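**Q** Please find one structure pasted underneath; my questions will follow.
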Amino acid sequence: MNDRKQISTKRFFGLDFLRTLSISLLLFSHSSWIYNSHALLGKLQDASGFLGVELFIVLSGFLIGGILYKQYLHDNYSLKDALLFVSRRLMRVLPSYYLVVFILAIVFLLFRFSIAPVWKYLLLIQNFATPIAAFFPESWSLPVKEIGYIFVVFLLLISSKIVWQISKRYMFLYIIVGLIIATFLLKLYYNIYSTNLDLKQWSFEVRSVVIYRIDSVLIGVLFGYFNHNYKEFIVAKRKLFFVVGVVLFLLLILCIVVFKLRLNNASWFWNICCLPLVSLMICMFIPYLLNWKTPSQTLRKVITFICNISYSVYLVHYSLVLFLMKYFIETKNFNLWQLNGFALLYLSVTVGLSYLMYTFFEKPINEYRAKNFKLNDK
């Protein structure tokens, strides 16, 4: 394929809004380290962090799924195409990620903390099958996405080299569904043999472990596939999808708040059903958001700015900025106004540092990537 063209860079306001919501929820969640939140607010912050990361994972799967599918449809899909896709993905996430890992390693050495697990972070296997180490814990979602994509890409490559009496359209579907089923079986195995009754431990052992979470990103990929093949139907029924999303949200609330499903009385719900249901719920809102028009140019500019720096915010906001601020500024005896000032300073430093990182590091690399790692979209 010598006539490779860049995938369309058309922006959708609704999806940009979803990215903005994702990073905002994450920041709100981690502000719990600043404030001594009472029980209700603390639970709200936990839920916001949970939802923020799930939005991040599913939305990425949806967007990348369409690109993967269009690339795979080519008759001469080759190892070169697979490697190009993987190289393009890694060029998108690794430079900024490695920069932060390098800075954190220096910080840990200065504070005489152990950096023994850093090599796993460099290979994106820090949470492949075991809980993530305390070096850069919020990075757990990156391996979930990137390893999920790599699995899909090379399974697609293998399928393209074998003579199947199945069209590529259906082969793509079978591979994605097969990986989702494989993840389901792994979670089923965990549920049978685990004696975990603690939600925090569940978050470390299931929610943030790659082999139990690949289905979430693949549910996004699967919805991208359906959006590509049944676009007119999905657009026409977008309000119905939205209603289904609301119903799934209310169902989750009923299960957790009203029926009080817990690990000690319904481990199957948390270990097997909860996370896929959340991913499916998020997908149901995407068709409506794809057709959400910009309310105003000012709002579009604000949302676009936050989207542009969101990856940098994700990388620096917690283990780097908030950790160092909490280390050097003792807030234990702060009153509410002082805590508010600290929170404002934290947000300002995070946004400012993220803007600099995006402008002078991430953006130039992305421009180089767009110029030299082009995918075919025909």
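**Q** Name the pairs whose Cβ atoms lie under 9 Å apart, with the first residue in region 246-261 and under 17 Å from Pro276 (Cβ atoms), the second not in a helix (DSSP H, G or I), and 6 or more positions between them or separate chains?
**A** From region 246-261, the pairs are Cys255/Leu261; Cys255/Ala266; Ile256/Arg262.
**Q** Take Ser60 and decide whether it is within 20 Å of Asn333 (Cα to Cα) and open to solvent by 10 Å² or more (accessible area, probe 1.4 Å).
**A** Numbers: within 20 Å of Asn333 (Cα to Cα): no; open to solvent by 10 Å² or more (accessible area, probe 1.4 Å): yes.
In short, no.
**Q** Given the condition assigned to a helix (DSSP H, G or I), of a type in the set (D, E, K, R) and at pLDDT 95 or above, answer yes or no: does some residue in region 293-300 qualify?
**A** For region 293-300, residues assigned to a helix (DSSP H, G or I), of a type in the set (D, E, K, R) and at pLDDT 95 or above: absent.
**Q** Filter region 293-307 down to residues that are within 11 Å of Thr20 (Cβ to Cβ) and open to solvent by 80 Å² or more (accessible area, probe 1.4 Å), then give me how many there are.
**A** Number of matching residues: 1.
**Q** A further question follows. When you scan region 94-110, how many residues do you find that are open to solvent by less than 50 Å² (accessible area, probe 1.4 Å) and in contact (Cβ under 8 Å) with a residue 60 or more places away in the chain?
**A** The number of residues fulfilling the criteria is 6.
**Q** Another question, then. Inside region 197-225, can you point out the residues that are among the hydrophobic types (A, V, I, L, M, F, W, C) and surrounded by fewer than 17 Cβ atoms within 10 Å (Cβ to Cβ)?
**A** Answer for region 197-225, where residues must be among the hydrophobic types (A, V, I, L, M, F, W, C) and surrounded by fewer than 17 Cβ atoms within 10 Å (Cβ to Cβ): Leu197, Leu199.
Condition check ((1) of a type in the set (Lys, Arg); (2) exposed (fewer than 14 other Cβ atoms within 10 Å of the Cβ)) across all residues:
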residue	(1), (2)
Tyr314	no, no
Leu322	no, no
Glu330	no, yes
Leu339	no, no
Tyr346	no, no
Phe360	no, yes
Glu367	no, yes
Lys371	yes, yes
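**Q** Right, something else. Condition first: farther than 29 Å from Pro364 by Cβ and surrounded by 16 or more Cβ atoms within 10 Å (Cβ to Cβ). Now tell me which residues in region 63-80 satisfy that.
**A** If the condition is that a residue be farther than 29 Å from Pro364 by Cβ and surrounded by 16 or more Cβ atoms within 10 Å (Cβ to Cβ), then Tyr69, Tyr72, Tyr77 are the ones that fit.
**Q** Would you mind finding the one in Leu240, Leu261 that is in a loop (DSSP other than H, G, I, E, B), aliphatic (A, V, I, L, M) and farther than 29 Å from Leu156 by Cβ?
**A** Leu261
**Q** Within region 256-292, work out how many residues are within 24 Å of the chain's Cα centre (by Cα), over 22 Å from Ser60 (Cβ atoms) and open to solvent by less than 30 Å² (accessible area, probe 1.4 Å).
**A** Going through region 256-292 one residue at a time, the tally reaches 4.
**Q** Now for a different question. With the structure loaded, tell me whether Gly61 is modelled with pLDDT under 95, of a type outside the set (Lys, Arg) and under 17 Å from the mean Cα position of the chain (by Cα) or whether it fails that test.
**A** Here the answer is no, as Gly61 does not meet what is asked.
**Q** Just to be sure I understand the filter: pairs with C-beta atoms under 8 Å, separated by 6 or more residues or on different chains, first member in region 328-352 and under 14 Å from Trp33 (Cα atoms), second member among the hydrophobic types (A, V, I, L, M, F, W, C) and outside any helix (DSSP H, G or I). Which pairs pass?
**A** Thr331/Ile34; Leu339/Ile34; Phe342/Ile34; Phe342/Ile329; Phe342/Phe334; Ala343/Ile34; Tyr346/Ile34
**Q** Which residue is least open to solvent (accessible area, probe 1.4 Å), if the candidates are limited to region 1-51 and must be of a type in the set (Asp, Glu) and at pLDDT 85 or above?
**A** The extreme case among them is Asp16.
**Q** Give the residue that is modelled with the lowest pLDDT, with candidates limited to residues of region 177-195 that are polar (S, T, N, Q) and open to solvent by less than 70 Å² (accessible area, probe 1.4 Å).
**A** Only one residue tops the list, namely Ser194.
**Q** Just to verify a result, which residue in region 119-156, among those that are within 19 Å of Tyr318 (Cβ to Cβ) and among the aromatic types (Phe, Trp, Tyr), is most open to solvent (accessible area, probe 1.4 Å)?
**A** It comes out as Trp140.
**Q** Still on this structure, I have one more. Any residue at all in region 81-91 that's open to solvent by less than 60 Å² (accessible area, probe 1.4 Å), closer than 30 Å to Cys274 by Cβ and in a helix (DSSP H, G or I)?
**A** Within region 81-91, one or more residues are open to solvent by less than 60 Å² (accessible area, probe 1.4 Å), closer than 30 Å to Cys274 by Cβ and in a helix (DSSP H, G or I).
**Q** Out of the residues in region 226-237 that are assigned to a helix (DSSP H, G or I) and in contact (Cβ under 8 Å) with a residue 24 or more places away in the chain, state the one that is most open to solvent (accessible area, probe 1.4 Å).
**A** For region 226-237, the residue satisfying everything is His228.
The values are calculated or read from the model by the stated rules, or taken from the named source; none is laboratory data. Remember, it's a predicted structure, so these values are computed and weren't measured experimentally. Positions of Cβ are generated from backbone atoms using ideal geometry, with glycine treated the same way; all protein chains shown enter the neighbour counts. Ligands, DNA and RNA are stripped out before the accessible areas are found, and what is left, the full protein with its side chains, is counted by its heavy atoms. Shrake-Rupley method; radii C 1.70, N 1.55, O 1.52, S 1.80 Å.
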